[in-house]
Amino acid sequence: MKLVSYKTEDNEHLGVFIKGHIYNLNSCDKLIPDNMNEFLWGGDELMERAQRINADIISGKTEAKEELFFEMMAPVPHPTSCRDAYAFRQHVETARRNRGAAMIAEFDQYPVFYFTNHNAIQGIGEIACMPDHFEKLDFELEVAVVLNKKARNIKAADADSLIAGFMIMNDMSARTLQMEEMLLNLGPAKGKDFCTVIGPWLVTPDELEQYKTAPKPGHTGNAYNLEMKCVVNGKQVSAGNMSDMEWTFAEIIERCAYGCDVLPGDVIGSGTVGTGCFLELNGTGLLNDPNYKVQWLQPGDLVEMEVTALGMLGNIIEKAHSDFSILALKK
């Protein structure tokens, strides 16, 4: 099942995406809330009701009214929180090598994550960026999950049961801001807090059963063989696979939930897949060729991310109508 959030006349709704059409769930079952947040707090009971409606629409048992005039939103437009992890070894290893640093042993000991701005979530469409964001503006190709159960101190062996579904994530990054603030060993903050893109819909775990694969040796939880790619202005720049995650989402959730509650509506990203950002690509290019022409995102660029079974997430980068710069405020 593919769940979507959308707007009609500034009102937010919850629907299912079936064969290119959107159907409102609440109009088919009044016990299903008409927004994603309340739906996720309903856990398995509401998910099962939605699954039955989805199946009935597909089979023709239910004649649901198709939405014709709507605006697509991020599938989870108002996350309870948003964390991003560091699960792909290739990205970490390559990025460290490119800046002359050895691979850090702690990567293999435990998964790490940071909190990003859950109020800066966007879906498909235009992304407006400030002048400082265009100082080495970058995409990051990832997969994210959202939870639909509350838990605390859950073990990895049980943590996959908290996952309501999967989405593509683009962890937008302003690298100059990020690198400056992290010199003080705090962050990333302003380099990351302006936009995180998720979508185009939330794909429930049952749709990924056929793509299941074994996790890395010594790891616990579900893993999936999903091809990942990013295309910028029609040219493919990134290629990877979700099965390359060293740490599973179950293991990441286990760490997130240690000593604190994880909640329905929490979004958790995988971290960047290998080759999944210009920072990594530029570093590798310059290492191999001092004359390599680096690339960063520019106004008007079209970024399209595609993951097997999860769809395609497309965004156009726009320049905000402002010349305000915090980089110029340094003392």
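Throughout, read-outs are computed from the coordinates displayed, never taken from laboratory work. For clarity, every value in this text was computed on a predicted model and none was experimentally measured. Using ideal geometry, Cβ is built from the backbone for each residue, glycine included, and neighbour counts are taken over all protein chains shown.
For helix 43-59, what angle does its Cα long axis make with the longest principal axis of the chain, in degrees from 0 to 90 and rounded to 10?
Around 70 degrees separate the two axes.
Neighbour counts of other C-beta atoms within 10 Å: give me Lys155, Lys65, Lys331 arranged from fewest to most.
Details: Lys155 13, Lys65 9, Lys331 2.
Ordered by Cβ neighbours within 10 Å, fewest first: Lys331, Lys65, Lys155.
Given H placed on each backbone N at 1.01 Å, which residues far from Ser81 in sequence or on other chains put an amide H within less than 5 Å of it?
For Ser81, the qualifying residues are Asp266, Val267.
Using Cα springs under 10 Å in a Gaussian network model of the chain, which residue among Phe69, Phe139, Phe88 shows the largest mean-square fluctuation?
The residue with the greatest mean-square fluctuation here is Phe69.
Which order, highest average first, do 142-153, 245-256 follow once you tally other Cβ atoms within 10 Å for each residue and take the mean per peptide?
Values: 142-153: 21.7, 245-256: 24.6.
The packing order, highest mean first, is 245-256, 142-153.
How high is the FRET efficiency between Ser325 and Asp56 when r is their beta carbon distance and R₀ equals 51 Å, given to the nearest 0.05? If you can, show how the numbers build up before the last one.
Values: r = 54 Å, r/R0 = 1.06.
Calculated transfer efficiency: 0.40.
Rg(Cα) of region 39-134 divided by 2.2 N^0.38 Å? Mind dumping the intermediate values first?
Details: Rg = 20.8 Å, N = 96, 2.2 N^0.38 = 12.5 Å.
Taking the Cα Rg and dividing by 2.2 N^0.38 Å, one obtains 1.67.
Taking 0.36 nm per residue of separation and subtracting the Cα-Cα distance, what length does fully extending Asp29 through Lys155 add? Write down the numbers at each step before the final one.
Details: separation 126, 0.36 × 126 = 45.36 nm, distance 3.43 nm.
Full-extension gain reported as 41.9 nm.
What are the ³J(HN,Hα) couplings of region 94-99, residue after residue, when phi is run through the Karplus curve with 6.51, -1.76, 1.60 and θ = phi - 60°? Round to Hz, x for glycine and proline.
Coupling constants for region 94-99: 5, 4, 5, 4, 5, 9 Hz.
Going out from 0 in 10 Å bins, what whole percent of all Cα-Cα distances in region 151-200 drops into each bin?
That works out to 22, 28, 30, 21, in percent per bin.
Show which lysines lie in cross-link reach of Lys65 when reach means a straight Cα distance below 25 angstrom and same-chain residues fewer than eight apart are skipped.
Lys2, Lys7, Lys19, Lys30
For the peptides 30-36, 99-105, what is the packing order when you average, over each peptide's residues, the other Cβ atoms within 10 Å and list the highest mean first? Numbers along the way, then the final one.
Numbers: 30-36: 16.4, 99-105: 9.3.
Result, highest mean first: 30-36, 99-105.
For region 120-135, what does the Karplus curve 6.51 cos²θ - 1.76 cosθ + 1.60, with θ = phi - 60°, yield as ³J(HN,Hα) per residue in whole Hz, taken in order and with x for Gly and Pro?
10, 7, 10, x, 4, x, 7, 10, 8, 10, 6, x, 5, 5, 7, 7
Testing the spin-label approximation: label points 7 Å from Cα along Cα→Cβ at Glu38 and Glu227. State their distance in nm.
Roughly 4.1 nm, to one decimal.
How big is the Rg/Rh ratio for region 2-72, C-alpha atoms only, Rh by Kirkwood, two decimals? Numbers along the way, then the final one.
Numbers: Rg = 11.3 Å, Rh = 12.1 Å.
Rg/Rh for region 2-72 comes to 0.93.
Using R₀ = 25 Å, calculate the FRET efficiency as 1/(1 + (r/R₀)^6) where r is the Cβ-Cβ separation of His21 and Thr308; round to 0.05.
Numbers: r = 22 Å, r/R0 = 0.87.
Plugging the Cβ-Cβ distance into 1/(1 + (r/R0)^6) gives 0.70.
Under 23 Å Cα to Cα from Lys235, which lysines show up? Leave out anything in the same chain fewer than 8 places away.
Qualifying lysines at Cα under 23 Å: Lys136, Lys293, Lys319.
How much FRET efficiency would the formula 1/(1 + (r/R0)^6) give for Leu183 and His78, where r is the Cβ-Cβ distance and R0 is 30 Å, rounded to 0.05? Before the final figure, lay out each step's value.
Values: r = 33 Å, r/R0 = 1.10.
Efficiency, rounded to the nearest 0.05: 0.35.
Which value, in Å to one decimal place, does the Kirkwood hydrodynamic radius take for region 73-177 when every pair of different Cα atoms is included?
Numbers: mean 1/r = 0.0619 Å⁻¹.
When all Cα pairs of region 73-177 are included, the Kirkwood radius is 16.2 Å.
What spacing in nm lies between the two simple spin-label points modelled at Arg99 and His219, each 7 Å away from Cα in the Cβ direction?
Inter-label distance under the simple model: 2.3 nm.
Highest mean first, what order results for 54-61, 110-117 on Cβ atoms within 10 Å?
110-117, 54-61
Enter the Cα centre distance for the pair region 270-331 and region 104-143, rounded to the nearest angstrom.
Centre-to-centre (Cα) distance: 10 Å.
Could you give the spread of the C-alpha atoms of the chain along their three principal axes, from largest to smallest, in whole angstroms?
The principal-axis extents, from largest down, are 63, 49, 37 Å.
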